[in-house]
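Just so you know, all these numbers are worked out from the coordinates, no wet-lab data involved. Quantities reported herein were computed from a predicted structural model and do not represent experimental measurements. With ideal geometry, Cβ positions are generated from the backbone for all residues, glycine too; neighbour counts draw on all protein chains shown.
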Amino acid sequence: MTRDVMRPPDSPRTDRVTYVELFFDLVFVFALTQLSAYLYDNQSGLGALEGVIMVCALWWAWVSTTWVTNWLDPVKLPVRGAVIALAFVALVISVSIAEAFGDRAWAFAIAYVVLQVGRTGFIVWAIARHDRAVSKDFTLVLIWTVAGGALWIVGALLPLPWQLPLWAAALGLELLGTVLGFPVPGRGRVLIGAWDLSGPHIAERTALFVLITLGEGLLVTGFAFAAKESSPETIIALAAAFVAAAATWWIYFDHGERMGSEAIEASDEPGRLARTAYTWVHLAIVGGLVLVSVGDKEALSHPHEHGVAPTLVVLGGPLLFLVGTVLFRWVLDQRWARAQLAGVVALAVLITAALLWVPLDALTLSVAASLVLVGVTIGETVGRLRRGRRSGG
């Protein structure tokens, strides 16, 4: 490609999130909805393992594309066309989720591999003449991606007892590559810490995906409520779901979301910080929000259900979300968020009590989780205001 399609430095477009990137994100609204439905219908140990693999796969497909569009300028027509093509492949992934461990395993695997290999191959080709160092880095990424893709394809062709470990190994290989810097004998490895990234772009893109995940949760809850007869239980469950959504929004967006871009811009190793905070830690945040929507649907559909599965589904989502936000804050400013830690402890106590001492139904657990999240928002906001006063802000 003779035309330079990289984002122009020192320009308003350097940090801008473009509309075609938001179009790409729209596909993941449907993907997350399908994923929530799958997790709701498969509340078992095996279903949990399969759900973890699909959450990781969807997140990896999305966040890897975000890293590529941090380098490439989606305003340029070749890049815009590539993003739209990737959106179609992501749609194929989305419609295959319900049968990803069944009749559509091959469709899910092939689409996922096409998205991962195609996107990485495109950036290698697109910038080969314009930034040889970055092109070389992504060539190493491409080699690892192809190796992982082989595991996805082979796993899809084999029965479930082989499919599950092979797909888990494929995801593990991609994760290992990011940790080690995608080393290839004779070609070196990627020095991710030296990558010069746009902190505001990555922070805003990820924040928008968190917002999309919250919207998917409200969508699932709304459909579940509309399908039920109105009753005191369903009304309480709907209110608890909305309160939980508002509280999680507050916890993420009130203060912590703004810290990301500033921390990356000030870091000596922006690539390494962005990888840790947004590629790894945000997986827990997004996974927690997806599980929150499953728990909300459980409380609406089976408000009086007891047992291990309802307890872990309803309380596990808020717990995982808070763990993710605690780690996110620590990575960015080396400070433990006390309010979130208190919320983690409270939810852990609730889970222990519900499983060992006092069986609580799904509706009661949902209300309790919402109250814990509200308590975290109050504690976080009060702490932030006090710190602002002490610093003269």
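Computed from backbone phi, the HN-Hα couplings of region 237-244 come to 5, 5, 5, 5, 5, 5, 4, 5 Hz, rounded to whole numbers (Karplus: 6.51 cos²θ - 1.76 cosθ + 1.60, θ = phi - 60°; Gly and Pro given as x).
The residues Ser36, Ser261, Ser293, when put in order of fewest to most other Cβ atoms within 10 Å, stand as Ser261, Ser36, Ser293.
Couplings 3J(HN,Hα) of region 364-371, computed from phi: 4, 5, 5, 5, 4, 4, 4, 5 Hz, in residue order, whole Hz [Karplus 6.51 cos²θ - 1.76 cosθ + 1.60, θ = phi - 60°; x for Gly and Pro]. Inter-part distance, region 90-166 to region 205-283, computed on C-alpha centroids, equals 27 Å. Summing charges over all other residues whose Cβ lies under 9 Å from the Cβ of Ala362, with Lys and Arg as +1 and Asp and Glu as -1, gives -3. Ranked for footprinting exposure by Cβ neighbours inside 10 Å, fewest first, Val292, Val5, Val179, Val286 give Val179, Val5, Val286, Val292. Distance between the modelled labels on Val349 and Asp268, one decimal in nanometres: 4.2 nm (7 Å Cα→Cβ projection).
If you line up the long axis of helix 77-95 against the longest principal axis of the chain, both from Cα atoms, how many degrees apart are they, to the nearest 10? Tilt relative to the chain: about 40 degrees. Modelled spin labels at Val184 and Ser301, positioned 7 Å past Cα toward Cβ, are 4.5 nm from each other.
Distant-in-sequence amide contacts of Met6, defined by a placed amide H-H separation under 5 Å and a gap of 5 or more residues or a different chain, comprise Asp73.
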